[in-house]
1. Would you say A:SER72 is more than 10 Å from chain B (Cβ to nearest Cβ) and polar (S, T, N, Q)?
2. Would you mind finding the one in B:VAL143, B:VAL129 that is modelled with pLDDT of 95 or more, closer than 30 Å to A:VAL226 by Cβ, in contact with a Lys or Arg (Cβ under 6 Å, 6 or more places away or on another chain) and outside any loop (DSSP other than H, G, I, E, B)?
3. Scan segment B:162-207 residue by residue and report those that are more than 9 Å from chain A (Cβ to nearest Cβ), within 30 Å of A:HIS117 (Cα to Cα) and acidic (Asp, Glu).
4. Find the residue count for segment A:190-235, including only residues that are within 14 Å of chain B (Cβ to nearest Cβ) and either over 17 Å from the mean Cα position of the chain (by Cα) or not in a helix (DSSP H, G or I) (or both).
5. Can you find a residue that is touching a Leu at 6+ places or on another chain (Cβ under 9 Å) and of a type in the set (D, E, K, R) anywhere in segment A:335-343?
6. Within segment B:152-161, is there a residue that is loosely packed, with under 14 Cβ neighbours inside 10 Å, at the interface with chain A (Cβ under 9 Å from one of its Cβ atoms) and within 20 Å of the chain's Cα centre (by Cα)?
7. Which residue is nearest to A:THR418 (Cα to Cα), if the candidates are limited to segment A:281-315 and must be assigned to a helix (DSSP H, G or I) and touching a Gly at 6+ places or on another chain (Cβ under 6 Å)?
8. Would you be able to say whether some residue in segment B:182-192 is surrounded by 16 or more Cβ atoms within 10 Å (Cβ to Cβ), out of contact with any Gly (no Cβ under 9 Å at 6 or more places or on another chain) and either among the charged types (D, E, K, R) or farther than 18 Å from A:GLU19 by Cβ (or both)?
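The values are calculated or read from the model by the stated rules, or taken from the named source; none is laboratory data. Source: prediction; values computed, not measured. Here the Cβ positions follow ideal geometry from the backbone for every residue, glycine too, while neighbour counts run over all protein chains shown.
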Amino acid sequence: MALTLFDKLWREHRVCGVEDGADLLAIDRLLLHERTGGVALKSLKENGYRVRDPSRVYAIMDHIVSFRAGRSRNEARSPGGEAFITETRAMASEAGIHLIDTDHAGQGIVHVVAPEHGIVLPGFSLVCPDSHTCTLGALGALAWGIGSSEAEHVMATGVLRATKPKQMQVTIDGALPPGCTAKDIALFLIARHSASGGKRCAIEFTGSTVDALTVEGRMTLCNMAVEFAAHSAVIAPDDKVLDYVAAHAAGETLSGELTDYWRTLRTDPDARFDFQIRIDAAEIAPQISWGTSPEDSVALDQPVPDAAPSRALVYMGLQPDQPLRGLRIDGAFIGSCTNGRLSDLQHAAEILRGRTVPAHVRAVCVPGSKSVRRAAEALGIDKIFRQAGFEWGEPGCAMCFYAGGETFPPKSRVVSSTNRNFEGRQGPGVRTHITSPAVVAACAVAGEICAPIDLPARQRVDA
Amino acid sequence: MLKPLLRHTGIAAILMRDNVDTDQIIPSREMKRVSRDGLADGLFAGWRYTAPGSRVPNPDFVLNRPENHAASILVGGENFGCGSSREHAVWALKEYGFRVVIAKSFGEIFHGNCIRNGILPIALPAKQVERLAMAPAPVKLQVDLEQQTLISSQDPDRFISFEIGAFAKRLLIDGLDPIALTMTQQDQIEAFFSDDAARRPWVYSAG
C-alpha cells in the first residue's frame, strides 16, 4: 500500500494499537521550556513518577528569560518570572535531564536550538508543550505541540497515547515573486483558507516552491502550520536537509546507511491524502496582517478588506478599505521561533544597512539563539542593526508575547516578524502587524508600513 | 483521579467569536507561578476586567452578566482554543467551574488538554452552535456524554447528538489517569524500545 511520509513516520514509532483506535507512539525526544515544561516536571514529581529515560529530555530556557543585553542568570523579563527559571532549573537537575540554561552557550528558543544542535534529526518523533513544535517537521521529523499533562505522560512512559490525525497535502508550485519569503507563503495560505483551514490535519508541504526554500525557510513555513489549525507539518528531507544536519549535528557521524534511510522518508507516488490544497506561487505577494488573527492578512499593497469584522478593526484602530501602506508605526520587532534565524536577520540587515530608524519607533532585534547571535556578530550584522537604531537583545522568545513587565505601550502599532497578532499578544492594547523580517526592517526605517521597494535609495555610507 | 463526567446540566455562557485563542482565555501575564492552580482569577482577564491588572469587572463581558454567574458550559465559535499550547487555559476554565465547552471547531492541543482535565469539548456543526447561541438567556443545557446528546432548555424537544472519540469518552466518564493506564502496557513498551535500539541506534546514541 502506498504510504505518505506521515504514515511512515507514524508506523516507525507505533509501539502498538490500544483500545479506542488510539496508538502508543514512542517519542524520541521531549523538549521542555520553563513556561509549560516546569509545571510538567513538578506534576510528574508530585504524582510519584520518574523520568523513564532522562537522556531523551531537554529543558531549554527561552520564554521568560530577559532579553536585556548583559542579563544575569536568573533575570526574567516579567515580574515574578525568575521562579519559572529557577524552579525549572532545579527540577531539571534533579530529574537528570539535559539542561540548556540561560547562561549555556547554546541557549535560545527551543525550536531554533533543537535543529542547531542535532537534538532533532530526520525521522525522529519529537514533542514539546509548545504549539510551535511543528517547526521541526521541516527536517522530516514527526514533531508536534502537546499540553503539559501529555509531556508528563511522555516523561513517565516514553510514549504518547495518540489517535492518528487526518492528512492534508499542501502543494506550492512555481517561482516566488521577488520579495516573497516562506512567511508570505504561510500568511497567504492562512488568509485564503482561514485560521481553521488546516482542519487538525497532519500537513505535508510539497511542490517546487517548497523544494526551492532553504531549510530555515522551511522551518518558518512549518512553524506557521499551527496558526492554520494543523496537527503538525512535515517536509520530506532532501539533500539540503542532509547537508544542514551534517553541518549542525556536531559529533554525529552520519553513516551512509543513515542517510540512505533518511532518503526513504518521502511520500509514495500513489499515496492518498484526506485533503489537498494547491497554491500557485506566482499569486503570492509580500503579506502583512491587518487584524487580530493570522487569517486577517493581505498583500502589502492592499487595503483592509471591506467586510472586515468591526471588533478586530476597533482593536487595531483601522477602518474598512483603509490602505495599510503609509500607516505610522511605533514599534518593530525581529526575532521569534518563526523568523529569528540567521537568514532572517540577514534579510533584515540587507534593508537596514546604511539606514536609520526614526526617533518615534522603538526597534528591537532578538536573535533566536546564542548560536544565531554569534554567527550574526561574526558577520557584522549586529553592527548594522545597532547603527540603524535597533536594540540587539539576548536570545529568547522576547517580545513575541507579553508576559507582564515592560513592552510597547497600549494602542501602539508594531510590525513584527512573529507568528501571532492576537489581541494583547505583545502587550495590552498593542496593535501587532505580522509580516516578514525584511518588511519589518523596511517599516522600521520608514517609520510607517511599507515594502522594501518603497524605500528611497540609501545614502552612500562611508566605510 | 479526575472527577468523572457522565452527565452535566448547567447554564451556558455564549461567547460567539471565532478564533478565541488561549492568550485570551488566560493571558500569559496571569500565569504567575509554576502551578496548575490559582488561574481562575485570570480567566479571560483581558476581556473580563476593565483594565490590564485590574480586577474591576467589565459589565459587558459575557461572564459578568448576572444570568451567567453560575455558568458551567461555554459556547464558542470556530477554532476555539487556538494558539499557544498552554494547558493553563484549561486549568483556568476548570477552576472557574466550566465542565463543558461547545464550539464549531477546536484548536487541536486545547482539545486534548480539555480531555486530560475532565472538561468535555463538544464540536457541533456551525448552524447548531448558532441556534444554541441565539436562544434567549439564560440557556440551560443538559449534556449526556454516555448517549452523546445534549438538549437546550429553550428547545426541549430537540436532541442534538455529538461525536467524541472513544478514548476521550472513556477518559472523561471513568476519570482515568492516562499514565497509569499506559503503564499497564509497560512490557510491550520496553520490548519496542529494545528492538528499536537495534533498528535505529542513532536515536539512542545521540544526546
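1. Against the criterion (more than 10 Å from chain B (Cβ to nearest Cβ) and polar (S, T, N, Q)), A:SER72 qualifies.
2. Step by step, each of B:VAL143, B:VAL129 is checked, and only B:VAL129 is modelled with pLDDT of 95 or more, closer than 30 Å to A:VAL226 by Cβ, in contact with a Lys or Arg (Cβ under 6 Å, 6 or more places away or on another chain) and outside any loop (DSSP other than H, G, I, E, B).
3. Passing the criteria: only B:ASP195.
4. Count: 17.
5. No, every residue in segment A:335-343 fails to be touching a Leu at 6+ places or on another chain (Cβ under 9 Å) and of a type in the set (D, E, K, R).
6. The answer is no, given that none of the residues of segment B:152-161 is loosely packed, with under 14 Cβ neighbours inside 10 Å, at the interface with chain A (Cβ under 9 Å from one of its Cβ atoms) and within 20 Å of the chain's Cα centre (by Cα).
7. Here the answer is A:ALA312.
8. No: segment B:182-192 contains no residue that is surrounded by 16 or more Cβ atoms within 10 Å (Cβ to Cβ), out of contact with any Gly (no Cβ under 9 Å at 6 or more places or on another chain) and either among the charged types (D, E, K, R) or farther than 18 Å from A:GLU19 by Cβ (or both).
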